[in-house]
Amino acid sequence: MLAIRRGMFTISDAASLADTQAHFKAVKPWWDVLMDYVLIIMLMTAFFSATLLITMDKVVCMPKTTKLTKNMSNDFSEAGTITQPTPAIRKDIGHLTNLDYQQYMYVSAVCYHKVVPWQSKYFPYLSLINTLLLLVSSNFWFKYPKTSSKIELFISILSKCFESPWTTKALEETSDQPPPEHNRQKSSSSRSMDLSPRTPLIRETPFSFVPLQVSTILDKKEEEQAKALFERIRHFRAHAEDSDMVYRAYIGQTVFKVVALAIILGYSLSLVGSFSFHHLCKPGIRNFMGYSMFKCTHNLAFILEKLLLTYILLVSVYAFLSAYALFWLLTSSLKVYSFDTNSEGSGFSDIPDVKNDFAFMLHMVDRYDTLYSRRFSVFLSAISEGRLRELALNSEWPAEKLRQMINKNTNGRYELQLSMIPVIPKDVYELSEIEVLKLELISSAKIVGAVSHLKSLSELHISHCSVKMDPEAFSCIRERLKVLHVRFTDMEELPSWMYSLKNVSQLHLSGNLNCSNNKSIRLQSLRGLTGLRSLFLTSNLSHLSSAVLDVAGQLSKLSIQNGDTELGSLGQLKRMNRLLELTLCHCKISKITGVLVGLPNLQSIDLTSNQLQYVDDLGTLQRLRNLSILRLSHNAINRLPASIEFLRNLEELYISHNKLENLPVSLCNLVRLRHLDVSYNHIRHIPHEIGHLTRLETLAITSNQISFLPRELFRCSRLRSLHVGSNKLTSVPPEIGQLPLLSSLDLMGNNLTELPEEITNCLQLKKGGIDVEAYVLGTLPPELRKKYL
């Protein structure tokens with residue numbers, strides 16, 4: 001028996017073969033688990049049969065005689081057998097054969113190999129080989145190099161997802177069940193259990209317990225582990241969805257098992273009833289034994305037949321399970337997996353369908369236990385990842401750090417800008433001094449009810465991010481927000497809540513709103529913005545949308561920066577009868593339309609960067625009695641009509657970057673003019689009547705072809721800024737000293753050789769106020785030179 005143990009596996013060793021892949025159990029469906037148990041029983045049956053053959057397999061043979069004759073002794077003598085005196089034989093004893101023990105052993109050995117059928121001698125070994133073959137084929141996909149590494153990595157990630165505290169936290173937040181009470185009395189029928197932050201699905205445990213605070217706090221190490229898991233799963237998904245090798249390997253091994261089982265069942269059934277207890281043997285050794293026929297008995301025939309029936313039963317069960325598995329594989333769509341339909345509602349609605357090997361392994365996991373895929377789905381959800389980033393971000397961006405980022409903008413308001421972070425840190429809501437909040441490229445921006453703590457917040461900037469808002473936060477924002485800036489590239493970045501901000505007075509929208517190019521981005525009606533007075537659009541509109549026209553009657557300021565897209569249907573502007581300021585830039589406007597005349601309250605018109613060439617109808621704007629600002633820069637205007645003098649209330653005129661060659665004398669009749677900019681034209685001289693503009697404060701004639709400054713110019717005693725750089729001046733008149741308020745003087749790029757000493761009478765002109773070549777400034781006396789250097 002010791003030799004047997006040394007030469008063969010024990011039953012426990014054989015059973016352990018089925019457990020070598022225990023760590024792959026999560027991808028073993030219920031039928032694979034059952035087949036593993038059946039294989040263990042088959043192995044035990046085969047080992048038991050083989051052990052019986054080794055230890056007890058033999059035949060017992062006896063000579064077969066028909067009748068005992070008187071001449072038996074003579075027959076034995078003739079056979080060469082030494083006879084001995086035969087004692088008196090009692091009739092009830094039987095027939096004596098007079099064979100030695102060694103002769104019986106010899107006959108039994110010869111007859112064992114001659115008459116015992118092969119199934120009695122080799123079937124146990126064959127069943128053992130068949131069972132081992134099925135065992136290998138069942139675990140082939142766990143050992144094949146192209147599939148084993150992928151499965152091992154999947155199982156490794158799956159186990160980490162199952163144990164991660166972040167999984168429990170995310171599932172608790174998406175659970176529809178109410179949170180457990182902190183104080184719960186233990187009943188007599190309840191069981192106590194020790195919990196840890198890694199206890200899976202704490203909320204679903206039916207026992208009474210005191211819940212941990214894992215849903216609110218994760219330590220730094222656990223946060224880093226969860227982040228690493230998200231990144232690892234992202235790479236694994238890209239790799240697993242590239243091929244279907246695991247799927248094909250599993251189908252291949254299942255088909256192989258079904259074929260092999262059909263063959264095994266075929267020959268096994270044919271052996272039923274072939275095991276026999278009695279055999280007749282003719283060893284052909286009559287000359288040695290004195291007998292020609294022996295009757296033999298195979299002592300294991302009965303038990304081997306019972307083991308065969310047991311084996312057939314086990315193989316039948318195994319074949320049924322394999323056929324069911326093959327049927328499931330061929331009738332199910334296993335290359336696509338949807339979490340909405342397969343994991344019984346994971347709580348996350350943003351998980352896209354997966355495919356190929358990734359989908360197949362998730363299907364296999366579901367057949368084992370859907371709990372695995374539910375917990376795994378946490379790390380496939382962008383919402384879950386955003387929550388984790390938010391948790392980590394809150395610890396990385398404390399209130400002290402955020403307060404250091406607050407600056408004063410050009411309007412003297414306290415401003416905080418957050419850019420390219422996953423979420424809005426919760427400590428932002430502790431900075432009550434914030435007046436302007438800028439959110440840029442924040443992937444999961446959400447404003448919560450705590451925004452009510454920002455009592456000074458009145459201006460919000462949203463740039464290329466979709467900002468969501470809970471009801472409490474919206475109620476606060478709707479009451480306090482006055483200015484809203486939205487820069488967008490797709491429809492999702494236009495917040496739906498902005499259409500209900502009744503107290504917003506300024507709305508700035510920047511993005512593609514041209515319906516002919518992008519039909520998916522359209523403005524909804526702005527009628528809900530009852531307090532809207534100023535609308536700024538930076539887009540490429542082909543016409544004014546109905547959303548804008550819905551608030552036409554309440555706007556006082558409209559600005560359209562149209563990106564060099566022609567804006568048609570300007571006649572609709574007539575509906576904006578309360579408009580005070582109108583800006584139409586980059587709209588490809590070729591003439592000053594009469595529509596503007598129908599807006600009697602206009603105070604400012606800005607037609608910068610259009611295609612204006614002839615403005616002979618400029619005088620028609622005299623009907624706009626309140627018009628004080630006119631901007632016509634960056635066009636192609638070659639002359640100003642004399643009728644410009646009819647714009648008597650004009651205070652600011654900007655007509656730089658055009659093609660003007662002269663200024664009409666009638667321009668000098670605009671006695672209320674305070675700012676005149678005619679830079680970057682082709683003007684050769686300034687009319688002497690310029691002196692009539694006694695209220696002029698700023699004159700810019702940079703980059704023209706002016707060769708001298710008329711002395712009448714210096715009668716404009718209120719002049720504060722004079723920009724005449726890049727012209728052809730050779731001298732500056734000494735009358736410049738008549739400008740006591742002059743504080744900014746640009747003379748760079750002329751042909752000057754000196755400056756008049758009377759410039760010292762410009763008392764407001766101080767250091768840094770003169771822009772001129774150093775050598776020209778060096779002509780002044782040393783004491784004056786120090787004043788301006």
Residue count, segment 436-457 (criterion: within 17 Å of H508 (Cα to Cα) and open to solvent by 20 Å² or more (accessible area, probe 1.4 Å)): 2
Selected residue (criterion: farthest from N658 (Cα to Cα)) from residues of segment 608-625 that are open to solvent by less than 60 Å² (accessible area, probe 1.4 Å) and in a loop (DSSP other than H, G, I, E, B): L624
Of all residues making up segment 478-513, the number that are part of a helix (DSSP H, G or I) and under 29 Å from the mean Cα position of the chain (by Cα): 7
Flag if I233 is modelled with pLDDT of 75 or more, assigned to a helix (DSSP H, G or I) and closer than 25 Å to K121 by Cβ: no
Single residue of I605, I592 found to be at pLDDT 90 or above, farther than 20 Å from G511 by Cβ and open to solvent by less than 30 Å² (accessible area, probe 1.4 Å): I605
Residue under evaluation N662, criteria (1) open to solvent by 60 Å² or more (accessible area, probe 1.4 Å); (2) out of contact with any Lys or Arg (no Cβ under 8 Å at 6 or more places or on another chain); (3) of a type outside the set (G, A, S), criterion not met: (2)
Residue match in segment 627-648 (condition: out of contact with any Asp or Glu (no Cβ under 9 Å at 6 or more places or on another chain), under 16 Å from L699 (Cβ atoms) and assigned to a loop (DSSP other than H, G, I, E, B)): yes
Residue selected from segment 350-379 under the condition open to solvent by 20 Å² or more (accessible area, probe 1.4 Å) and under 13 Å from A240 (Cβ atoms), by the criterion modelled with the lowest pLDDT: K355
Any hit, segment 241-259, residues being modelled with pLDDT of 75 or more and in contact with a strand residue (DSSP E or B) (Cβ under 8 Å, 6 or more places away or on another chain): yes
Test: residue in segment 481-496 that is among the small types (G, A, S) and open to solvent by less than 60 Å² (accessible area, probe 1.4 Å): no
Residue match in segment 133-153 (condition: at pLDDT below 75, in a helix (DSSP H, G or I) and of a type in the set (G, A, S)): no
Residues located in segment 552-572, provided they are farther than 22 Å from V504 by Cβ and not small (G, A, S): N562, D564, T565, E566, L567, L570, Q572
Answer residue from segment 649-665, given it is part of a loop (DSSP other than H, G, I, E, B) and of a type in the set (D, E) and is modelled with the lowest pLDDT among those: E661
Matching residues in segment 376-419 - criterion: being in contact with a Leu (Cβ under 9 Å, 6 or more places away or on another chain), not acidic (D, E) and not in a helix (DSSP H, G or I): W397, M405, I406, N407, Y414, L416, Q417, L418, S419
Top-ranked residue in segment 557-584 [being in a loop (DSSP other than H, G, I, E, B), open to solvent by 30 Å² or more (accessible area, probe 1.4 Å) and polar (S, T, N, Q); ranked as modelled with the lowest pLDDT]: S569
Checklist (1) touching a residue at least 24 places away in the same chain (Cβ under 8 Å); (2) surrounded by 19 or more Cβ atoms within 10 Å (Cβ to Cβ); (3) more than 55 Å from the chain's Cα centre (by Cα); (4) more than 27 Å from G749 (Cα to Cα) applied to L630, failing item: (3)
Flag for S500 being touching a Phe, Trp or Tyr at 6+ places or on another chain (Cβ under 9 Å), open to solvent by less than 40 Å² (accessible area, probe 1.4 Å) and farther than 20 Å from S559 by Cβ: no
Unmet criterion (only one of (1) touching a helix residue (DSSP H, G or I) at 6+ places or on another chain (Cβ under 9 Å); (2) at pLDDT below 90; (3) in a helix (DSSP H, G or I)) for A473: (2)
L667 being touching a Cys at 6+ places or on another chain (Cβ under 7 Å), buried (at least 22 other Cβ atoms within 10 Å of the Cβ) and under 23 Å from I637 (Cβ atoms): no
Residue list for segment 519-556, restricted to those being under 16 Å from V486 (Cβ atoms), open to solvent by 30 Å² or more (accessible area, probe 1.4 Å) and not in a loop (DSSP other than H, G, I, E, B): F536, T538
Hits in segment 435-470 - residues which are among the small types (G, A, S), part of a loop (DSSP other than H, G, I, E, B) and over 14 Å from L416 (Cα atoms): S443, S444, A445, S466
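The values are calculated or read from the model by the stated rules, or taken from the named source; none is laboratory data. Since the structure is predicted, the reported quantities are computational estimates derived from the model, not experimental observations. Note: ideal-geometry Cβ built from the backbone for every residue, glycine included; neighbour counts use all protein chains shown. Accessible surface is based on the protein model in full, side chains and every heavy atom, while ligands, DNA and RNA are left aside. Shrake-Rupley method; radii C 1.70, N 1.55, O 1.52, S 1.80 Å.
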